[in-house]
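Only one structure is covered here, and it is reproduced in the block below.
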Amino acid sequence: MGARNVGGARVELSGWGWRHAGRDTHALRGVDLVVEPGERILLLGASGAGKSTLLHSLAGLTGPDSAISGEEEGLLRVDGEPAARGRGRVGLVAQDPETQLVMARAGDDVAFGLENLGIEREAIRSRVEGALADVGFPYGLRHSTGALSGGEKQRLVIAGALAMRPRLLLLDEPTANLDPAGAELVRSLLARLLAETEATLVLVEHRVAEVVDLVDRVVVVEPGGGVIADGAPAEIFAEHGRSLAAQGVWIPGNEPAPSLTAAPGGAPLIEAVDVTARTPFQVGVRVGPRRTVLEGVRVAPEAGTATALTGPNGAGKSTLLTLLAGLSGPYRGSVEPRGPLAEADRRPLVKWPARRLARHVGTVFQHAEDQFVTSTVLDELRFAPSRAGMGEVEIEAWVGELMERLRLTRLADVHPYTLSGGEKRRLSVATALSSGPSHAPDVLVLDEPTFGQDTRTWTELVELLGSLRSEGRAIVMATHDRLLLEHLVDSRIGVADGRATVSSKEDV
Amino acid sequence: MSTARSGTRTAETMGGDTLTLDVPAEGGARYWMTGLNPAAKLLAALAIAIGLIPAVDAVTGGLVLFVVLLTVPFSGVDRRTLMLLGGPFLLMGLSSGTVNYLYGEQGLEGAVGAAVRLLAIALPGLLAAITSDPTEMSDGLVQRLKVPERPAMGVLAALRLIPLLADQWRTITLARRARGLEAGYNPFNVVRLFFGRLFALLVRSIRTGTLLATAMDARAFGTGPRTHARISHWRRADTLLLVGTGALLIGAYALSARLGTLVLLFS
């Protein structure tokens, strides 16, 4: 069955380095590392340390004819040979299952890799069924891949990799894009599989605590450098835990502790009145009719309070957020401004002109890039205040302050799309804050603001949100982040089965 | 035959989503067309399209259109899809006819001929597309029509991204409003903002496409000759479809010539 009985590959790197095409500095350089057959290692490093690049190189995906081009140096060997794809020796599972499924049906997708390897048809079927059984896939071979949840999709991706019987399994944050239930589904699967397979494993994962039991060795790499620590997990965390945490790595027992002032609380600023929402219109034949995602929802985020929307993916958290932010209108019911917000405009938020809305309600999207509209960081921040008619001198001062506060000053002339993940997130928050003419907006709406952030950006973000809260602004966010819920959130709204259930912090 | 159909309304609906086509096990004649090899359907549609190019009169095209319309009840297409596609389809014929009537030189007869011919060419292709499972279509193209693997698989994989792109487009549109950007009633702004959004979507879709290509590469795509997990079967019905299509075209031309209505292009 599946990945068993093929043994593990030996990985050897010596003086290995990689520089992406068009970059001045190396992502990694001088990496010396030997992974013995069957070993399970966790690869750690600050964000931007080239961990994904190393995995791609091991999978034979970097090089002159590949999607990822750049300059390689030193030696990289898998089982004594240069890494090359096509031998079915290496299996790679990346973050987002959405972009890893190729075929429309579950069985066909698992078969895709086997077809590419030139496996005979008679053998494919049994290997596909074996791999699907190994990952505990609950549906039939003909089940549509589009109809799966995130966790189920990622299970299918893993089955597709296992069916190829890899001797080296590379996992690049396999649970990062999943909700807690989906992540648990994948983690429990990995724990079970790793107990059975002999394959060598290299795992990259930011949330170390959740995977530390799966590995027997931890390797830490440094951005632009090589291996800076290598050993048993307990040893590494005892010796380097503090310095790793300072670099932004999530280390068990070294979780960030943001300093926050208590929430002042206040009256509701916006109120969703009996809101019903439906899925957007789908293009294409054989798509189902529109479905109701929220029904008769009543919530009222308050000033000086951090409110979190929680619940499984697809339950309607993001839909509720866009309604609360006045970006789209509900099918029935309305989202009304309350208190000081109603003084600006009494109409439902969705009727507000965009400029007025941006001044009073700031929104931070999950993918920061979606909200960038200019070509430099500086212009991005000047955009809202200059449209609001603020004077040149005032704009300079306000933008300068924002950049200083979010550590963006040295990036002022850079194109927003070229920023790193953490920088993009900081900029997207800064743009949402920049909208107010003389102050930040009254309501800040954020979709998974801490998603994929290292501990440094995480702490800055939480402290910034905390200070906005203490200024009396309403913070509303959709999040799965346990730590964020613990530290910042005052009021929780559970979204599930079309309902929104409010619970205060005491009940949590 | 149709005795297998249950009386409920939902029994007519084909299951699945845009990328999968699930036909009820006991569909009977109602689903006859979905059982044909997509490659055969595509060839038949192509034959009709090419075969009808020379004939601009209403009778030749009309007979073909009539016979193709007779097969629609056996296509398994449900009422919702039929209505969704029927509107634009009729609009296409109507507008083509109107334009030809107003500006053409053949008068009403020529206009009806142009409309009927257009619909007779379009309908078979449309039926071939909506009665075929995309995966089986790509299998048929590769195994029966010897289309190269790479474009066939690439198109199939790219189809999966369309709903994703639609979602991204919606998000980008909302994000512009969140930044205070709204076109209002100024047509210049409408165009400018549209292209801004299009660029943002392009950036997102290139990233999504690269990720998918990397995932396909990681699963050894394009490293050597592929085998096929599924066989694209060619049955007697597929051969009969092609024979029938040929007979239909010959019959249509013969009838039109007999009636003296046949008008050839450039004649």
> In vacuo Debye scattering of chain B, one point per C-alpha: log10 I(q)/I(0) at q = 0.07, 0.10, 0.13 Å⁻¹?
Replying inline: -0.37, -0.73, -1.07
> For segment A:160-272, what does the alpha-carbon gyration tensor say about shape, rounded, prolate or oblate, given a ≥ b ≥ c as the root eigenvalues, a/c under 1.5 as rounded, and a/b over b/c as prolate?
Replying inline: oblate
> Taking the Cβ of A:A397 as the center, what net charge do the other residues with Cβ under 14 Å away carry, scoring Lys and Arg +1 and Asp and Glu -1?
Replying inline: -3
> Which of A:T363, A:S420, A:G400 sits closest to the plus end of the dipole of segment A:342-433, meaning its Cα is farthest towards the positive end, when Lys and Arg get +1 and Asp and Glu get -1 on the C-beta?
Replying inline: A:T363
>> For Cα pairs less than 8 Å apart in space and 6+ apart in sequence, what is the mean separation divided by the residue count of segment A:5-159, i.e. the relative contact order in percent?
In response: 21
> Taking the convex hull of the alpha carbon atoms in segment B:149-218, what volume per residue do you get, in Å³?
Replying inline: 92
> Pairing the Cα long axis of helix A:121-134 with the longest principal axis of chain A, what angle in degrees results, from 0 to 90 and rounded to the nearest 10?
Replying inline: 50
> If one takes the longest principal axis of the Cα atoms in chain A, at what angle in degrees, from 0 to 90 and to the nearest 10, does the Cα axis of helix A:421-434 lie?
Replying inline: 10
> Exactly which trypsin sites (Lys or Arg not before Pro) in segment A:1-51 are in a DSSP loop and have at most 13 other Cβ atoms within 10 Å?
Replying inline: A:R23
>> Eigenvalues of the Cα gyration tensor times 5, then square-rooted: what semi-axes does that give for segment A:1-116, in whole angstrom, largest first?
In response: 26, 19, 14
> Counting pairs on different chains as well as pairs 8 or more places apart, how many Lys pairs in the protein assembly as shown have Cα atoms under 27 Å apart?
Replying inline: 7
> Across every pair of different alpha-carbon atoms, what Kirkwood hydrodynamic radius in Å does the protein assembly as shown reach?
Replying inline: 29.3
> Do you know the relative contact order of chain A, to the nearest whole percent, from alpha carbon pairs under 8 angstrom that are 6+ apart?
Replying inline: 16
>> Can you tell me what share of the DSSP beta bridges in the protein assembly as shown is antiparallel? A percent to the nearest 5 is fine.
In response: 50
> With charges only on Cβ, +1 for K and R and -1 for D and E, what is the dipole size of segment A:133-238 about its Cα centre, in debye, rounded to 20?
Replying inline: 500
>> How big is the dipole moment of segment A:270-507 about its Cα centre under a simple scheme where the beta carbon of each Lys and Arg is +1, that of each Asp and Glu is -1, and everything else is neutral? Debye, nearest 20, please.
In response: 900
> What translational D, rounded to a whole number of µm²/s, comes out for segment B:112-153 from Stokes-Einstein when the hydrodynamic radius is the Kirkwood one over Cα pairs, at 37 °C and 0.692 mPa s?
Replying inline: 278
> Once the Cα gyration tensor of segment B:31-119 is diagonalised, what are the square roots of 5 times its eigenvalues, in whole Å and ordered largest first, as equivalent ellipsoid semi-axes?
Replying inline: 26, 16, 10
> So how much slack lies between B:L82 and B:L265, counting 0.36 nm per residue of separation and subtracting their Cα-Cα distance, in nm?
Replying inline: 62.7 nm
> For segment A:270-507, treating each Cα as an identical point scatterer without solvent, what Debye log10 I(q)/I(0) comes out at q = 0.13 1/Å?
Replying inline: -0.79
> Roughly how tilted is helix A:150-162, in degrees to the nearest 10 and between 0 and 90, from the longest Cα axis of chain A?
Replying inline: 20
> What is the set of long-range amide H partners of A:A27 at a cut-off below 5 Å, with H atoms built 1.01 Å from backbone N?
Replying inline: A:W18, A:R19, A:H20
> How many nm separate the modelled label positions at A:A342 and A:L141, each set 7 Å beyond the Cα in the direction of the Cβ?
Replying inline: 6.3
> What do you get for Rg/Rh of segment A:435-505 when both radii come from the Cα atoms and Rh is the Kirkwood radius?
Replying inline: 0.98
> Tell me, what are the semi-axes, in whole angstrom and largest first, of the equivalent ellipsoid of segment B:83-206 as set by the roots of 5 times the Cα gyration tensor eigenvalues?
Replying inline: 35, 29, 12
> If you count, for every residue in A:93-100, the Cβ atoms of partner chains within 10 Å of its Cβ, what is the mean?
Replying inline: 5
> Long-range amide H contacts for A:N313: which residues qualify at under 5 Å (H placed 1.01 Å from N, peptide plane, sequence gap of 5 or more or a different chain)?
Replying inline: A:D179
>> Could you derive backbone 3J(HN,Hα) for segment A:481-496 from the dihedral phi with the Karplus parameters 6.51, -1.76 and 1.60 (θ = phi - 60°), listing whole Hz in sequence and x where the residue is Gly or Pro?
In response: 5, 4, 5, 4, 4, 5, 7, 9, 7, 9, 9, 10, 10, x, 10, 7
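None of the figures in this text is laboratory data; all of them are computed from the coordinates on show. A quick note: this is a predicted structure, and the numbers were derived from the prediction, not measured. Cβ coordinates were reconstructed from backbone atoms using ideal geometry, including for glycine residues, and neighbour counts include every protein chain displayed.
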